[in-house]
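Everything below concerns the one structure shown next.
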Amino acid sequence: MKKEIVVKEKASNQKEGKRGTKPHGLVPCLLLGVGVLFFLIMLVFPLAEVIYRSLKEGLEVYGAAIMAENTLSALKVTLIATIIAVLVNTFFGLCASWCLTKFDFRGKNILSTLIDIPFSVSPVIAGLAYLMVFGRMGWATPYVEKINEFLGTDIALVFSVPGVVLATIFVTFPFVSRELIPVMQAQGTAEEEAAVMLGAKGSTVFRKVTFPHIKWALLYGIILCAARAFGEFGAVYAVSKARGKTFTLPLEVDALYMAGSAESITQAFAVSSLLVLLSIIILVLKQIVEYRGKREL
Amino acid sequence: MAKKQKSKRVLPGFGLTMGISVAMFSLLIFIPLASILIYSFRMSFGEFLELITRSNVCQAFATSITCAFIASVINCIFGLILAWVLVRYNFPGKRLMDGMIELPFAIPTSVAGITLSKMYSDQGFFGSLLEKVGIKASYSKVGIVIALVFVGIPFVVRALQPVLEKLPESYEEASEILGASRFYTFRRVILPELTPALLAGFGLALARGIGEYGSVIYISGNSEREGTQMVSYVIMQKLNSGRVDHEGAAAIALVLLLISFLLLFIVNMVQVIAGRRTKR
């Protein structure tokens, strides 16, 4: 009986292309031990520390910190920025991956390299870049003012919610396209070409032929994009100064922590625990999407 | 790679998607970044040189680069072990561990920063342990390295995992049967196969580490005297302090950008070479 199960397990392992054996012998056990220890110290303990510190002064303090006006306003700004960033970058990701994978053109490699720039640019630079354009001394400020005069509006593109959104879009720019490009590259163009030959319209081709192939990768990219968007700190910090108005949750954590009193530090960890919860939800979603996506391949 | 055909484009939407992609990239990424370049040209070359060779700026660059380098080396070692363990062994909690590797990506950097700073301060759990051995972790360069190891570890593990999964175990078996020791097999058979991926992960972690802001500013202490200011902190300081100095911030950012681009270029080269090697 047991043997059968083992055999089945092996077969299924082979089918899914998974490998892995129980570690035996000194070296494998040592490696496993070192790996697990590093994992615990670097990744698990900090999580426990956040929870411990946030609850240190009881549930009442915790609740008050989370329901504070500044926290709720920060939550609102965070959600707005995350949603807009995800929408914009998904739209960009779909366009960029379609044009980069379905066609051959000059400068294709350059374009695909350029798209990844925000990955290796310091978030502080992202915030600074928008300040250089829309800030007090920025070259686009006079134009924005003219538009405001003309329309009778009072739009500010830095030190405002739109500024926070822009900075968030910058740092999450390539997340969706980066997940889509390899999948669409691997799929090739034969199926779409056949569909077009048979008379399908462009939108139908995308909806019926391309989309089913890329939906998991798309969802995966969206999840990664959202994760980075709600947690962005450096870029947003450069373009957001008004606490209670344009602060996001990570900035609120910073403000509370920097206030320095024991109470406000506990509050900072309480707000942090909210963010930790969000990141754990994101990670679980990511695992589910990854698993489903692999199963369907 | 697709065969190079000079065929007519059958699929629709080339102009549209190309136009949208290039326009969005230009408006949102390229023009803002180019503005930094233009802005820093407002000062003369002499002023520019004087500013970026100031002792605190040079020190910040040295701190950022050395700490990020050390952290990336540490990440390569432990990332290799973690990736190996996750691909080759079965153990309870493996899937949980695999999922949690990306925690540093998902967790906001300010949260990670304040948590690590408290943990490694002399009253924190690890900080007090390290204090007994005579190591001051928080508010020193050791702290910076710890924070950068935290943010960089997923890059290395995720770069190595797919390559390790494709590496057949028969290589090791063959090497073992031919009489090679385990270490020799690792050094001469496994490591060469992993090197491109390892370098790519190293490059990404390094690039991230050099520009890192949120997770290091709390643990570093930002003391000029002790040389624990990061470049990103110096830039931010110029934007926030009483005398706002946009030109100065732009000049330092420009140098940091050039370093990032150089790294990006190297990472891409490594990947191209790796691609050639595996295609054959």
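The values are calculated or read from the model by the stated rules, or taken from the named source; none is laboratory data. As the structure is a prediction and not an experimental result, all values here were calculated from the model. Cβ coordinates were reconstructed from backbone atoms using ideal geometry, including for glycine residues, and neighbour counts include every protein chain displayed.
Below, the figures for the structure above:
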{"quantity": "Filter result for the condition that a residue is closer than 30 Å to A:His213 by Cα, within 18 Å of the chain's Cα centre (by Cα) and either modelled with pLDDT under 95 or crowded, with 24+ Cβ neighbours inside 10 Å (or both), over A:Val284, A:Val236", "calculated": "A:Val284"}
{"quantity": "Filter result for B:Ala197 (away from chain A (no Cβ under 14 Å) and surrounded by 20 or more Cβ atoms within 10 Å (Cβ to Cβ))", "calculated": "yes"}
{"quantity": "In segment B:105-161, the residues that are of a type in the set (Ser, Thr, Tyr) and more than 12 Å from every other protein chain (Cβ to nearest Cβ)", "calculated": "B:Ser128, B:Ser138, B:Tyr139, B:Ser140"}
{"quantity": "Some residue of segment B:218-237 being of a type in the set (Lys, Arg) and assigned to a helix (DSSP H, G or I)", "calculated": "no"}
{"quantity": "Looking only at segment A:139-148, and only at residues there that are of a type outside the set (S, T, N, Q) and surrounded by 10 or more Cβ atoms within 10 Å (Cβ to Cβ), the one that is farthest from the chain's Cα centre (by Cα)", "calculated": "A:Lys146"}
{"quantity": "Helices (runs of 4 or more DSSP H) within segment A:94-164 that include 1 or more residues within 11 Å of chain B (Cβ to nearest Cβ)", "calculated": "A:108-115, A:117-120, A:123-134"}
{"quantity": "Residue check, B:Ile77 free of Cβ contacts under 8 Å to residues at least 40 places away in the same chain and closer than 18 Å to B:Leu160 by Cβ", "calculated": "yes"}
{"quantity": "Residue ranges of helices (runs of 4 or more DSSP H) in segment A:208-297 with at least 3 members within 10 Å of chain B (Cβ to nearest Cβ) and closer than 30 Å to A:Lys102 by Cα", "calculated": "A:211-231, A:262-296"}
{"quantity": "Lone qualifier among B:Phe150, B:Phe125 - being of a type in the set (Phe, Trp, Tyr) and either crowded, with 21+ Cβ neighbours inside 10 Å or modelled with pLDDT of 90 or more (or both)", "calculated": "B:Phe150"}
{"quantity": "Test set (1) within 7 Å of another protein chain (Cβ to nearest Cβ); (2) part of a helix (DSSP H, G or I) - A:Ala64 fails condition number", "calculated": "(1)"}
{"quantity": "Breaking point among (1) touching a Lys or Arg at 6+ places or on another chain (Cβ under 7 Å); (2) under 30 Å from A:Ala270 (Cβ atoms); (3) free of Cβ contacts under 8 Å to residues at least 12 places away in the same chain, for B:Gly124", "calculated": "(3)"}
{"quantity": "Helices (runs of 4 or more DSSP H) (entirely within segment B:10-57) containing at least 2 residues that are more than 25 Å from the chain's Cα centre (by Cα) and facing chain A (nearest Cβ under 10 Å)", "calculated": "B:14-25, B:31-40"}
{"quantity": "Residue under evaluation B:Leu148, criteria (1) within 20 Å of the chain's Cα centre (by Cα); (2) not in a helix (DSSP H, G or I), criterion not met", "calculated": "(2)"}
{"quantity": "Residues of segment A:169-203 satisfying the condition of being part of a helix (DSSP H, G or I) and of a type in the set (Ser, Thr, Tyr)", "calculated": "A:Thr172, A:Ser177, A:Ser203"}
{"quantity": "Contacts under 9 angstrom Cβ, first residue in segment A:267-294 being in contact (Cβ under 8 Å) with a residue 40 or more places away in the chain, partner among the aromatic types (Phe, Trp, Tyr) and surrounded by fewer than 16 Cβ atoms within 10 Å (Cβ to Cβ), 6 or more apart", "calculated": "A:Phe269/A:Tyr52"}
{"quantity": "Among (1) more than 8 Å from chain A (Cβ to nearest Cβ); (2) part of a helix (DSSP H, G or I); (3) over 15 Å from A:Met42 (Cα atoms) - the single one B:Arg95 does not satisfy", "calculated": "(1)"}
{"quantity": "Per-region count, segment B:224-255, residues of a type in the set (Lys, Arg) and within 11 Å of chain A (Cβ to nearest Cβ)", "calculated": "1"}
{"quantity": "From B:Gly248, B:Gly227, residue being at positive phi and touching a helix residue (DSSP H, G or I) at 6+ places or on another chain (Cβ under 8 Å)", "calculated": "B:Gly227"}
{"quantity": "Test: residue in segment B:209-218 that is modelled with pLDDT under 85 and either crowded, with 17+ Cβ neighbours inside 10 Å or closer than 30 Å to A:Val27 by Cβ (or both)", "calculated": "no"}
{"quantity": "Check on B:Gly221, touching a Ser or Thr at 6+ places or on another chain (Cβ under 7 Å) and either of a type outside the set (S, T, N, Q) or more than 13 Å from chain A (Cβ to nearest Cβ) (or both)", "calculated": "yes"}
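For every residue, the table says whether it meets (1) in a loop (DSSP other than H, G, I, E, B); (2) surrounded by fewer than 20 Cβ atoms within 10 Å (Cβ to Cβ); (3) of a type in the set (Ser, Thr, Tyr).
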| position | (1), (2), (3) |
| --- | --- |
| B:Val85 | no, no, no |
| B:Gly99 | no, yes, no |
| B:Thr115 | no, no, yes |
| B:Gly134 | yes, yes, no |
| B:Phe155 | no, no, no |
